[in-house]
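Trainee: Submitted below is the structure of interest, expressed as structure tokens.
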Amino acid sequence: MEVILTLAGIWFAFWLLGGALRAIGAAAKSAVATVKGEEPPARRFEARVSQTTIELKGNTAPIFEIEVRGPITAPYAGFEIQFVVHAMDITDGEAKPIFCALDWMQEADTPLLEYRTEAAPLPYQHAIISDWSRRAFVPIDMVSLPRSGTRRLEFHVDVVSANPEAKYFFGQRVSGVVLASATVRTSVEWAEIGYEEMRERRTRIEELTLDLAMAVSAADGSMDRAEGAVIRAWLGKRVEAIEDDEEKSREKRRLNGLVTAAYQKATAGELDMRAMCSELTEISDPAGRYDALELCLHVAAADGRAEEAELNTIRQLGEWMRVSLDRLRGMEEKILPVSMHVGDADDDGLLGISGAMSPEEVRKHLNREYRKWNSLASHSDPSKREQAQEMLSRIAAARRKHVA
Amino acid sequence: MGESSKQWRYRGRTYRPEELSSLILRKLSLDAESQLGKVRDAVITVPAYFAESHRRATMDAGELAGLNVSAIINEPTAAALFYATNHEVNGKIVVFDLGGGTFDVTVMRVAGRDIDIIASEGDRHLGGTDFDRVLAEIVNKKARLETGAPAFPSDIELQKFLNQAEERKRALTTRPNQRVLIQNDSGRAQVSVSREELEEGISPLVAKAEMLVEAVLDEARLDPGEISKVLLVGGSSRIPFVQRRLEAIFGFAPVTEVNLDEAVACGAALYSGLNALKENAALVPAGVRSGLSDVQLVEVANHSYGTITVSTDEETGRRILANDILIPKGSSLPCSETKTYYTMADGQDVIEVQITQGESKDPDNVNIIYQENMPLPPNRPAGRPIQVTYSYDKNQRMECSFRDVESGDLMAVELSSLEGALEAETKRKSRAALEEFQIE
Ligand SMILES: Nc1ncnc2c1ncn2[C@@H]1O[C@H](COP(=O)(O)OP(=O)(O)OP(=O)(O)O)[C@@H](O)[C@H]1O
Ligand SMILES: [Mg+2]
């Protein structure tokens, strides 16, 4: 987050600097030649785009540089104009939007990329920019494309009336007057994951999460009502934030489909938990992995009993997902407190003792755990106090077992 | 104590813990009065781990017993005070107090008569009565083996046996075996319990004490080798097995020559003498005065105190509520800490002031001991600084202030264990009801 903020700050400074450059350019006027009373040279207004870098406060930042040249005709000399740049990703046949993370480089009502110069008067009614002249730059790190790979981008430059200002919505002009415009295409190698891929990933993460929860639910041999209710509640939370009714029901249908599929896979014994975990680890950030584990824990807790098989399954999932096992244990202590445990399973898993620890490490670990639970023994919540007492007894028993 | 949910029924009325405690205090002060004449002021000792609410309930109990409670001090401090005024002590000592129902362990630095508490831990459910129960279980099990029926088929019978169990347990401190006569459905039988069997039975409980001893050393960042003495306090530390386990940790035997049962009370008496000396030296007899003159006590905060804040989870990058500690457990008293927090939202016109007690970062795992909304000036952007100051004095009195830096608005809270928690009216009613227990 901090990195982004710093970058955003630098870009803001750069944008102001850009304003200064334009002012200098306008003062020199050398690039703008006029032909009074004659026809302007028969050249079109055109644009070109290149990828380059810019040096800013010691940082090198990659940018798309957009240059223009050619004639611009205004209703009268001194007419206030602006250059406005939009971009679309046209790789997949249809034009897909390109978003920008900097809010001052966005359309007024959407997060779509829009670069707009400050308003400046056109000195002559018929003006011409004779040499390629930079009019816009787009910070590459700040934009997001639909997908990664080789992408085809189309930049569109409009010279528009500044008064009243021309407005755009999803790249389409909705008000104002255009004096000149040009379109230019370029290809780019995009390494960053795209927003469509992100959405697909999210869907896949949801799917894997549900599959894992179903697998955990099936681990004790049966799937019961309470477990179903937990999964439904989880789905419910995902749709409740959606305001649009139609979208809500579409999302509900989609999620219900995922559940049905997960159920079928689980009952058919088709779920390979290890493979699911490694895929999840690959495509999801830690938050998504903890979410999946949390749902699994709630599913295991649904019937009010934590069977050893369920606990071991979830701990195994945690290992496969390479999450912090300490943190997972903390979640387990909350969702599946020791009072829910059934059978007299070995307490080592519950207490976070691993076979790799030396007796001295076990001793230190148990002392730490003891202190943690002892401070909970005076919690205002009686169930917390009870849990703490139980854990203290088990920790003491573990000490007897592991420490001479 | 200090848990309003706990109540006992007796003859159609329910009693709060503080009320029951007041009866004991009353009995004690009457006993003292029979020797000393009118008793007015009292210093009451409490386990070091007692939290705010427990201390306040203790104040209430004292008041209900008709006493003016001039101070509440920690038991290990009192024990060490007593020891240090009678012995030449220099270095770090551990006070190990295993009583009837609770266990307390404290590390302190003693130089002559200056006592600095370094760290303290306690378990409120560990003591002699647990050992009595262990002995009863052993008897029960053996009876079942020998007679085919348990010794105590019901809880009532078990309860009855516990008194006897205590006696047997004590006897096992000096003798290798004890015989218990039982009568159950299969008739009479004699069950013998050896000291080893009792030791085996209580060892998981003693392991708890061992862990707290090690925990408190960890907390004080000390190795057992750096401790020069281990002082035993409390009746249950007479048990040889307990002493052996301590020796195993420290490499030397604990000090047994102090009066285990009275060290705390004597220390409290010394403490009240100290107070009296400061207030009115004439009240203190000359002989006592010289012994008191140069004692210095430094206590520590026995819990961490903090506030609930919004922070970013390092691993997931998500915003979470977290308990942020201002005064960590073990801080020497008096102490004061100020931290600046910032408002989160544009136009935020209120903050929820929460004072927590507990060690965890997880808000669910700490106690909220104070909660109130503090209004802020409207229409301001996010990021306005709020300065939070916690000050904790020697009498375990804490002052917390939340200050909106820009407007100067202040919300100050005083949390004092020297003030009871009960309303005056409740106290009056309680006192009236407790009259019935007057012992003449
Ligand atoms: N010789 C002994 N062997 C074993 N236990 C003993 C012996 N003498 C006393 N005790 C036990 O000590 C306990 C009482 O200790 P103490 O008087 O220190 O407790 P307390 O201060 O009243 O309780 P607490 O400190 O837990 O509030 C009883 O459980 C008693 O059985
Ligand atoms: Mg005691």
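The values are calculated or read from the model by the stated rules, or taken from the named source; none is laboratory data. Being a predicted model, the structure only gives us computed values, none of them experimental. Methodologically, a virtual Cβ is constructed for each residue, glycine included, from the backbone with ideal geometry; neighbour enumeration extends over all protein chains shown. Accessible surface is based on the protein model in full, side chains and every heavy atom, while ligands, DNA and RNA are left aside. Shrake-Rupley method; radii C 1.70, N 1.55, O 1.52, S 1.80 Å.
Trainee: Filter segment B:121-132 down to residues that are in a helix (DSSP H, G or I) and in contact with a helix residue (DSSP H, G or I) (Cβ under 7 Å, 6 or more places away or on another chain) and give me whichever is nearest to ligand 1 (Cβ to nearest atom).
Mentor: My answer is B:128.
Trainee: Does segment A:76-105 hold any residues that are without any contact (Cβ under 8 Å) to a residue 60 or more places away in the chain and not in a strand (DSSP E or B), and which are they?
Mentor: A:76, A:77, A:78, A:92, A:93, A:94, A:98, A:103, listed by residue number.
Trainee: Regarding segment B:270-286, can at least one residue be identified that is under 18 Å from the mean Cα position of the chain (by Cα) and within 16 Å of ligand 1 (Cβ to nearest atom)?
Mentor: The answer is no, given that none of the residues of segment B:270-286 is under 18 Å from the mean Cα position of the chain (by Cα) and within 16 Å of ligand 1 (Cβ to nearest atom).
Trainee: How many of the residues making up segment A:372-404 are under 19 Å from residue A:352 (Cβ atoms) and either part of a helix (DSSP H, G or I) or in the same structural domain as residue A:333 (by TED's automatic domain parsing) (or both)?
Mentor: 22
Trainee: Ok, one more. Quick one: residue A:314 ticks every box in (1) within 11 Å of chain B (Cβ to nearest Cβ); (2) under 39 Å from the mean Cα position of the chain (by Cα); (3) touching a residue at least 40 places away in the same chain (Cβ under 8 Å) bar one, so which box is it?
Mentor: (1)
Trainee: Shifting gears a bit: Return the residues of segment B:324-355 that are in contact with a Ser or Thr (Cβ under 6 Å, 6 or more places away or on another chain) and either open to solvent by 60 Å² or more (accessible area, probe 1.4 Å) or under 25 Å from residue B:217 (Cα atoms) (or both); say none if nothing qualifies.
Mentor: B:324, B:325, B:328, B:329, B:336, B:338
Trainee: Still on this structure: Which of the residues spanning segment B:84-120 are within 16 Å of ligand 1 (Cβ to nearest atom) and surrounded by 24 or more Cβ atoms within 10 Å (Cβ to Cβ)?
Mentor: Passing the criteria: B:95, B:96, B:97, B:98, B:103, B:104, B:105, B:106, B:120.
Trainee: Given the structure, is residue B:142 within 29 Å of the chain's Cα centre (by Cα), away from every other protein chain (no Cβ under 14 Å) and either more than 22 Å from residue B:261 (Cα to Cα) or within 16 Å of ligand 1 (Cβ to nearest atom) (or both)?
Mentor: Against the criterion (within 29 Å of the chain's Cα centre (by Cα), away from every other protein chain (no Cβ under 14 Å) and either more than 22 Å from residue B:261 (Cα to Cα) or within 16 Å of ligand 1 (Cβ to nearest atom) (or both)), residue B:142 does not qualify.
Trainee: Okay, next question. Can you tell me which of (1) on the phi > 0 side of the Ramachandran plot; (2) open to solvent by less than 50 Å² (accessible area, probe 1.4 Å) is the one residue B:221 doesn't meet?
Mentor: Unmet condition: (2).
Trainee: I'd like to check which strands (runs of 3 or more DSSP E) are fully inside segment A:156-243 and have at least 3 residues that are touching a residue at least 12 places away in the same chain (Cβ under 8 Å) and surrounded by fewer than 13 Cβ atoms within 10 Å (Cβ to Cβ).
Mentor: In segment A:156-243, the matching strands (runs of 3 or more DSSP E) lie at A:178-190.
Trainee: Here is a follow-up. Just name the residue that is nearest to the other protein chains (Cβ to nearest Cβ) out of those in segment A:281-290 that are touching a helix residue (DSSP H, G or I) at 6+ places or on another chain (Cβ under 8 Å) and surrounded by fewer than 19 Cβ atoms within 10 Å (Cβ to Cβ).
Mentor: Among residues in segment A:281-290 that are touching a helix residue (DSSP H, G or I) at 6+ places or on another chain (Cβ under 8 Å) and surrounded by fewer than 19 Cβ atoms within 10 Å (Cβ to Cβ), the one nearest to the other protein chains (Cβ to nearest Cβ) is A:281.
Trainee: Which condition number in (1) open to solvent by 70 Å² or more (accessible area, probe 1.4 Å); (2) at pLDDT 85 or above; (3) touching a strand residue (DSSP E or B) at 6+ places or on another chain (Cβ under 7 Å) is the one that residue B:244 fails?
Mentor: For residue B:244, the exception is condition (3).
Trainee: Tell me, which residue of segment A:355-400 that is crowded, with 16+ Cβ neighbours inside 10 Å and among the polar types (S, T, N, Q) is farthest from the other protein chains (Cβ to nearest Cβ)?
Mentor: The residue in question is A:387.
Trainee: I would also like to ask the following. Examine segment B:234-246 for a residue that is among the aliphatic types (A, V, I, L, M) and more than 16 Å from ligand 1 (Cβ to nearest atom), and state whether such a residue exists.
Mentor: No, segment B:234-246 contains no residue that is among the aliphatic types (A, V, I, L, M) and more than 16 Å from ligand 1 (Cβ to nearest atom).
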